[in-house]
Amino acid sequence: MTTGTALLIAATQTLRAAGVDDAARDARVLLAHVLDIDRSRLTLVLPDEVGPDTVAAFKRAVSARASRQPVAQITGRRAFYGRDFIVTGDVLDPRPDTELLVDTALSVPFETLLDLGTGSGCILLTLLAERPGTRGQGVDLSRAALTVAGANARAVQVADRAVFREGSWFDAIADDARFDLIVSNPPYISDDEMAALAPDVRNWEPHLALTPGGDGLAAYRQITARAPSYLTQGGHLMVEIGAGQGAAVKGLFQDAGFTGIQVLKDLAGHDRVITATWPFAPV
C-alpha cells in the first residue's frame, strides 16, 4: 500500500537531491495538485492509500520539478493578489514582488489603463477586477502569451473590459489613445545577470520576457520616452524594476519630463517600483 505520507517523504528527498530550495513545500504543492484538493486539506489525507494512477501522475510531477521546471508550469496555476492565474511556459510566473506594483496602481484614480508586456495578464486583470467599471488594454509581442492572457481574462471574469493587442510596446496602440494609467513589468535582466539566474527561471521561462539584452534598460528607455504621448494630463506611469536599477530608471523618468517621481522598495528592501505623474499642461 502506498500512502500520501510515503509519497511525500520520497518526493522531498528527490527534490532536495536535485537542489530544489524548498523541497518539502514544493512536494506538498504537487501532491495536493495531483490529488485535486486544497493544500489546507493535505495533512488530513496523507495516511490514506493512493491509487496507481495518482502515484504515476505524482512521480511525473516530481520528476518535472527535479528537472527545475517551475511549480506553476507543472500545476498550470499561480496565485496572485488573491486570484489564480493560468501559467504556461509562454509567460512569466507571476511573482509576489509584482503585487507592490498593483498596490501602487490602486492608490491612484483611473478609468482607463494600459499594461505593456502583459504576459499572463495578471497585472492588468487584477487591476480591472479590483476596480469595477474601468477598462484596459494589454500589449505583448508574444501571441502565445496573449492567448494565456485572454484565457485568464475570461477566468477572472473581466474579458468584457479587457482588450489585448499584439505588438512592440506602443506600436500596437492607436495614436489617439489616451490612458489614465500605464503600467509595465518589462524585461529588465541584463546580459551579465542572465547566467546567474536560477535554472528554474533561466531554462524554463521565456527569455523574451526576462531580458532585453545589454544593460537591461532598453524597455525603460522606450516606455519613458513614448508614454507621455499616451497619458492623460495628470496620468500615472508605473513600472517594476530590478534591484539596483532605481537611480538609472528614475533618471529616464526625469529626462522625459515626469513629476512626482518615487522609487518604492519591496519587503526585502530592494528598489522595485517607480511611479510618476505626467504633469498638467500650463494654463
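Quick look at the numbers
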quantity: Number of the condition not met by A17 [criteria: (1) open to solvent by 40 Å² or more (accessible area, probe 1.4 Å); (2) modelled with pLDDT under 95; (3) of a type in the set (A, V, I, L, M); (4) closer than 30 Å to R202 by Cβ]; calculated: (2)
quantity: Selection count where residues are on the phi < 0 side of the Ramachandran plot and in contact with a helix residue (DSSP H, G or I) (Cβ under 7 Å, 6 or more places away or on another chain), scope the range 152-188; calculated: 23
quantity: Residue among V158, V201 that is under 29 Å from A18 (Cβ atoms), modelled with pLDDT of 85 or more and not basic (K, R); calculated: V201
quantity: Identity of the residue in the range 101-135, open to solvent by 10 Å² or more (accessible area, probe 1.4 Å) and of a type in the set (D, E), that ends up farthest from the chain's Cα centre (by Cα); calculated: E111
quantity: Test: residue in the range 76-87 that is among the hydrophobic types (A, V, I, L, M, F, W, C), part of a loop (DSSP other than H, G, I, E, B) and crowded, with 20+ Cβ neighbours inside 10 Å; calculated: yes
quantity: Enumeration of residues in the range 136-166 that are open to solvent by less than 20 Å² (accessible area, probe 1.4 Å), aliphatic (A, V, I, L, M) and not in a helix (DSSP H, G or I); calculated: V139, V158, A162
quantity: Filtered residues of the range 218-255 (kept if over 17 Å from A105 (Cα atoms), over 22 Å from the mean Cα position of the chain (by Cα) and of a type in the set (S, T, N, Q)); calculated: S229, Q254
quantity: Filter pass, R25 being surrounded by 14 or more Cβ atoms within 10 Å (Cβ to Cβ), basic (K, R) and assigned to a helix (DSSP H, G or I); calculated: yes
quantity: Every residue from the range 55-75 that is outside any helix (DSSP H, G or I) and within 18 Å of A209 (Cα to Cα); calculated: Q69, P70
quantity: Residues satisfying the stated conditions in the range 242-262, i.e. in a strand (DSSP E or B) and of a type in the set (V, I, T); calculated: T259, I261
quantity: Criterion: open to solvent by less than 20 Å² (accessible area, probe 1.4 Å), part of a helix (DSSP H, G or I) and touching a Pro at 6+ places or on another chain (Cβ under 6 Å) - qualifying residue of A219, A209; calculated: A219
quantity: Residue in the range 167-185 that is farthest from L210 (Cα to Cα), counting only those that are among the aliphatic types (A, V, I, L, M) and in a strand (DSSP E or B); calculated: L181
quantity: Candidate set from the range 227-283 (those that are of a type outside the set (V, I, T) and in contact with a Pro (Cβ under 7 Å, 6 or more places away or on another chain)); member that is surrounded by the most Cβ atoms within 10 Å (Cβ to Cβ); calculated: W278
quantity: Test: residue in the range 46-67 that is open to solvent by 10 Å² or more (accessible area, probe 1.4 Å) and of a type in the set (F, W, Y); calculated: no
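The values are calculated or read from the model by the stated rules, or taken from the named source; none is laboratory data. This structure is a prediction, so every number in the text was calculated from the model and none was measured. Neighbour counts are summed over all protein chains in view; Cβ atoms, including those assigned to glycine, are modelled from backbone coordinates with ideal geometry. Protein only, heavy atoms only, side chains kept; ligands, DNA and RNA dropped before computing areas. Shrake-Rupley method; radii C 1.70, N 1.55, O 1.52, S 1.80 Å.
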